[in-house]
1. Looking only at the range 329-338, decide whether some residue is at pLDDT below 85, crowded, with 21+ Cβ neighbours inside 10 Å and not small (Gly, Ala, Ser).
2. Out of (1) at pLDDT 85 or above; (2) touching a strand residue (DSSP E or B) at 6+ places or on another chain (Cβ under 6 Å); (3) farther than 30 Å from residue 274 by Cα, what's the single condition that is false for residue 142?
3. If a residue counts only when it is within 30 Å of residue 59 (Cα to Cα) and touching a strand residue (DSSP E or B) at 6+ places or on another chain (Cβ under 9 Å), which helices (runs of 4 or more DSSP H) contained entirely in the range 229-322 have at least 1 such residues?
4. Considering 285, 272, which residue is more than 30 Å from residue 47 (Cα to Cα), surrounded by fewer than 17 Cβ atoms within 10 Å (Cβ to Cβ) and without any contact (Cβ under 8 Å) to a residue 24 or more places away in the chain?
5. Within the range 239-252, which residues are in contact (Cβ under 8 Å) with a residue 40 or more places away in the chain and closer than 20 Å to residue 186 by Cβ?
6. Scan the range 210-234 for residues that are more than 11 Å from the chain's Cα centre (by Cα) and touching a residue at least 60 places away in the same chain (Cβ under 8 Å) and jot them down.
7. Scan the range 11-51 for residues that are farther than 24 Å from residue 257 by Cβ, aliphatic (A, V, I, L, M) and touching a residue at least 60 places away in the same chain (Cβ under 8 Å) and jot them down.
Amino acid sequence: MEFFKIKRDIPFMRHALVLNAISVITFVAAVFFLITKPLNFSVEFTGGTVMELLYPKAADQEKIRNTLRGMGYSHPEVASFGTAQDIMLRLPIVAGAPAASSSTAVFNAICRDDQGTTKQTQTTTDKGEVLNRTSCVAPGGQELISLQQVQFVGPSVGDELAQNGLNALLMVILGIVVYLAIRFEWKFAVAAVVANLHDVVIILGFFAFFQWEFSLTVLAATLAVLGYSVNESVVIFDRIREMFRKQRRMSVPEVIDHAITSTISRTIITHGSTLMMVMSMLFFGGYALHYFAIALAIGICFGIYSSVFVAAAVAMWLGVKREDLIKPVKEKDDTDGAVV
């Protein structure tokens, strides 16, 4: 499917040096921000307290955030899950304060802001188990908030999650290298990895510069961008291989230019539709999906750039040629088997 068809090839590789110089500058800037302004890791990585609250009606999340800011939490993480009545709070570790007392103080403060008082109640399950439950009740006796669950994530668990995330990133990169080396050629594999690392580092650079919270969902978005970006590279590489077979008189830059130009319509359709979905998550998905959508949006935009201007150019500079992808046909010797 094509929205339009470009009759003349766009000379992308003629400007490859300038475009890749821009990529290098952007990459170096991202690394600089990562060094000078480390990532703002969420509770999953640093450790802290996770609280689940249940409201009888849709909760005012901004009011809860203001309450937590008043208690000294500069970046409180408040999000709904499941329904608008179910609220999850993620609170970082406070030096010198036990996790139990922190969660109690937070619940009491939220309850006071709703003009209620905390109350301990006991409920009996169907199995006969007696459970203690903390609630916030109004002066009239109706329940305003129910504390469903409190979990403490220790620093050791956060370190383990960070290590697992790094391992996942390395495994994805290794899988991409092996796949492209088998399907195409090692030069394409190296080019794709350079382009993908370019995308990942720039995403991390944005999060470091703006001090956006880096959570497990953002890590998932980063891994998704790796797969999404390499998909675009595979499409271009496959078209390059096809053009090497069809156009034997074209030079390598001309083949790459033709391959990129012929896939522009597909790129606009694919990435445009995906970006619209991501934008809907960004504007209408609420706080829980906000940074996830931001990471995806940055990755998609730079993924297009890197696939066209970084991966293809690096493959060209590594010396990819027709013989790397198309094995020469061995001419049959008519004298084979002849008796002299």
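The values are calculated or read from the model by the stated rules, or taken from the named source; none is laboratory data. Everything quoted here is computed from the prediction, not taken from an experiment. A quick note on method: Cβ atoms are made from the backbone with ideal geometry, for glycine too, and the neighbour counts reach across all protein chains shown.
1. Start the filter on the range 329-338 by keeping residues that are at pLDDT below 85, which leaves 329-338.
Within this subset, residues satisfying the condition of being crowded, with 21+ Cβ neighbours inside 10 Å are none.
No - not one qualifying residue is present in the range 329-338.
2. Of everything listed in (1) at pLDDT 85 or above; (2) touching a strand residue (DSSP E or B) at 6+ places or on another chain (Cβ under 6 Å); (3) farther than 30 Å from residue 274 by Cα, residue 142 misses just condition (2).
3. Working: elements: 252-262, 264-284, 287-305, 312-317.
Filter on the range 229-322 gives 287-305.
4. Details: 285 fails: more than 30 Å from residue 47 (Cα to Cα).
The match here is 272.
5. Looking only at the range 239-252, we keep the residues that are in contact (Cβ under 8 Å) with a residue 40 or more places away in the chain, and these are 240-241, 244-245, 248, 252.
Of everything in the range 239-252, those that are in contact (Cβ under 8 Å) with a residue 40 or more places away in the chain and closer than 20 Å to residue 186 by Cβ turn out to be 240, 241, 244, 245, 252.
6. Our first condition is that a residue be more than 11 Å from the chain's Cα centre (by Cα); within the range 210-234, this holds for 210-213, 229-234.
Across the range 210-234, the qualifying residues are 211, 212, 213, 229, 232, 233.
7. 29, 30, 31, 34, 39, 43, 50, 51
Let's see how each residue does on (1) out of contact with any helix residue (DSSP H, G or I) (no Cβ under 9 Å at 6 or more places or on another chain); (2) closer than 19 Å to residue 315 by Cβ; (3) surrounded by fewer than 20 Cβ atoms within 10 Å (Cβ to Cβ); (4) modelled with pLDDT under 85:
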| position | (1), (2), (3), (4) |
| --- | --- |
| 173 | no, yes, yes, yes |
| 183 | no, yes, yes, yes |
| 190 | no, yes, yes, no |
| 205 | no, no, no, no |
| 219 | no, no, no, no |
| 236 | no, yes, no, no |
| 247 | no, yes, yes, yes |
| 251 | yes, yes, yes, no |
